[in-house]
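Read through the structure below, which is laid out as structure tokens, and then see the notes.
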Amino acid sequence: MENSTQRPEHALPGLIRKVLGSPHSEQVIKAQIIQMASQNLHVPEVTTALLEVLPLTKDKETRDQLLRFLSALNTSRFADTGALFQALLDVYRQEKDRDTRTTLLYRLQESIHQDPRLAVFFVELSGQENLSEQERIAVQDTLASLPVITEDIALAALLKNVNAPTILQLQAIEIAEKCPSWSAQMVAGLQPYLDVKNDRGIRFRILQRLAAARLLEPAYADVLIPVLRTDNDVLARHEALNALSRIKPWNEAILLQLLWSSSHDGDAGIRSQALALQGEQPERTNEQLISMAGLLATDRSEGVRLTLLQQLKPVMRIAEIRNKVATAFAGNPGVFNDEEFNQLTDMLAPYAGRDEQVSQLLLQSIKDLPSTSQRQKVLQLLIGKISLEKMLDPVVQLFTREHNEVLREVLFNQIKALSVSRHPQLVDIFCAELTEPGSPFRVTCAGILANAAELYAQIPPALEDVLLYDNERELVRLCLDGYLRPGVDKKFDVLIQVVKNELIDNASRQKALDAILKLSLDEHQQETMANALSGLKPGTLKTS
């Protein structure tokens, strides 16, 4: 007869699932089931059942008991640890209690080498925003325990902890140190940690690691140069220089920094160290010098710019270099202080007028110079040297933008001698000055425009403006001469106003009257003229 009675240990897995998985089971019964399970761990089905119900158990007391129980188990009891770790991961994701979550993390840390999923889990967790500080410490401590760190893991830890407390930043650096190599991406991730606001120990740890390297890529210059520029700690700058010397080959930015540090650093030891490093460099090629000249447009450090200018001054004969210098100046001339400005203009002065591109760039720079004295100096470099025919447009633009009367006069004196028939862009400029009551150039403009009144449509209205509203005799006379030229459409209302203007000379009034008499007047205009003449003293003007 077949014995259908189950052995107790064989029935236990079913009880575990039924009792522990039910929210209605009494607590005392659950405790008894857990006790029975602890005595039957040699049965694989028992541990399997416990792992199945762990994520499903809702009441905290039972879950905590199970968690402590399972976490304490020797993993050698499991033929396949995957189920255990999966259960612990599932519980962690459901758990709300911070302390329990932290305990779970440290339990998983113990087995980080047993299941590749755990490393992936900790990396993903390191990027989450909602971890408590204790959880984050546990996560990074786990990652730091790995013998080798991939670049992705290291970079994620660095980016995550840029603004974290010092202890977390230090853990991020420890993780990065386990990465076999630091690529350009790693360099970018490390750079914020060298900011002077961060802990000195963290900064030194990075700098010393770099200084100890046999060879560094040029990308590290972007990390080290800001330390040499901004860090007040002499030892930090010393380590940065040591690290800088490991970079091969040196690029233009490194060469420039060595020049700056050797002459401007506040510490004599740093200056001496930078000077010694300069002795190791080969003679600079034209290509390097041209690239260094290009740094003028991007480097915002005043002392560095001056150092760079001093290095470039002897090689300004090279066209590419002086054009780079002029381009950098014209691109943002306002950033150069007076000493730099004077150095720049002295370097470019010999080429003003000789080198068309340099002249063009100098002209272009004037509009953005904040100081009148600086604008005047650049103008003095150019006036008399440049071909105005080739550079008229920028000169005209400068004139229209300039507010200083002295500089406006310098510019006006350059353009007034040009023919408006050959340079029509001057017509609007002269018309604007003529009709501006406060302009000191009105009489000159009147004479220029009068001789071309019939050539451009915008000239007669400007002349009319003067004839209608001005009383200055020479100005009115010049404008009237232009207005009366053949080919100019003459208006009765304008001419009669000149006739009635007793403040101007009678010769001009007579010319205006003679012109009216040649017009075909309607009845109203004839009456207006008669009224105007009737008020005059006899013999003032002649009508025949």
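Would you calculate a helix-derived [θ] at 222 nm for the chain, using -39,500 (n - 2.57) for each DSSP H run of n ≥ 4 and dividing by the full residue count, to the nearest 500?
Estimated from H runs of four or more residues: -19000 deg cm²/dmol.
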Legend entry - Descending semi-axes in whole angstrom, ellipsoid equivalent of the range 428-544, from the Cα gyration tensor: 25, 15, 11
Inset, instruction - Report, by chain and number, residues whose modeled amide H sits under 5 Å from the one on LEU216, excluding near sequence neighbours (fewer than 5 apart, same chain). - result: ILE247, LYS248
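Past 23 Å, Cα to Cα, is the threshold; run LYS491/LYS542; LYS197/LYS248; LYS490/LYS537; LYS416/LYS490; LYS377/LYS416; LYS313/LYS390 against it and keep the listed order.
LYS197/LYS248; LYS490/LYS537; LYS416/LYS490; LYS313/LYS390
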Inset, instruction - Within the set of other residues whose C-beta is less than 13 Å from the C-beta of GLN425, count the net charge using Lys and Arg as +1 and Asp and Glu as -1. - result: -2
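For ASN286 and SER71 in the same chain, what is the full-extension length gain: residue separation times 0.36 nm, less their Cα-Cα distance, in nm? Walk me through the intermediate numbers first.
On the way: separation 215, 0.36 × 215 = 77.40 nm, distance 6.86 nm.
Net length gain for the segment: 70.5 nm.
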Inset, instruction - Please give the contour-minus-distance gain from ASP514 to GLN114: 0.36 nm per residue of separation, less the Cα-Cα distance, rounded to one decimal in nm. - result: 132.7 nm
Inset, instruction - Compute the semi-axes of the equivalent ellipsoid of the range 261-376, taking the square root of 5 times each eigenvalue of the Cα gyration tensor, and list them largest first in whole Å. - result: 27, 17, 10
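Can you list which of the trypsin sites (Lys or Arg not before Pro) found in the range 13-60 are DSSP loop residues with at most 11 other C-beta atoms within 10 Å? Numbers along the way, then the final one.
On the way: sites: ARG17, LYS18, LYS30, LYS58, LYS60; in loops: LYS58.
Passing both the DSSP loop test and the Cβ count: LYS58.
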Legend entry - Mean Cβ neighbour count within 10 Å, used as a protection proxy, ranking 248-254, 266-272 highest first: 248-254, 266-272
Legend entry - ASN332-SER419 FRET efficiency (beta carbon distance; Förster radius 30 Å; 0.05 resolution): 0.25
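At 0.36 nm per residue, and after removing the present C-alpha to C-alpha distance, how many nm does the segment from ILE383 to GLU356 gain when stretched out fully? Could you put the intermediate results ahead of the total?
On the way: separation 27, 0.36 × 27 = 9.72 nm, distance 1.35 nm.
Gain on stretching ILE383 to GLU356: 8.4 nm.
Bear in mind that the values in this text are calculations on the coordinates, not laboratory data. Being a predicted model, the structure only gives us computed values, none of them experimental. As a convention, Cβ positions derive from the backbone with ideal geometry for all residues, glycine included, and neighbour counts pool all protein chains shown.
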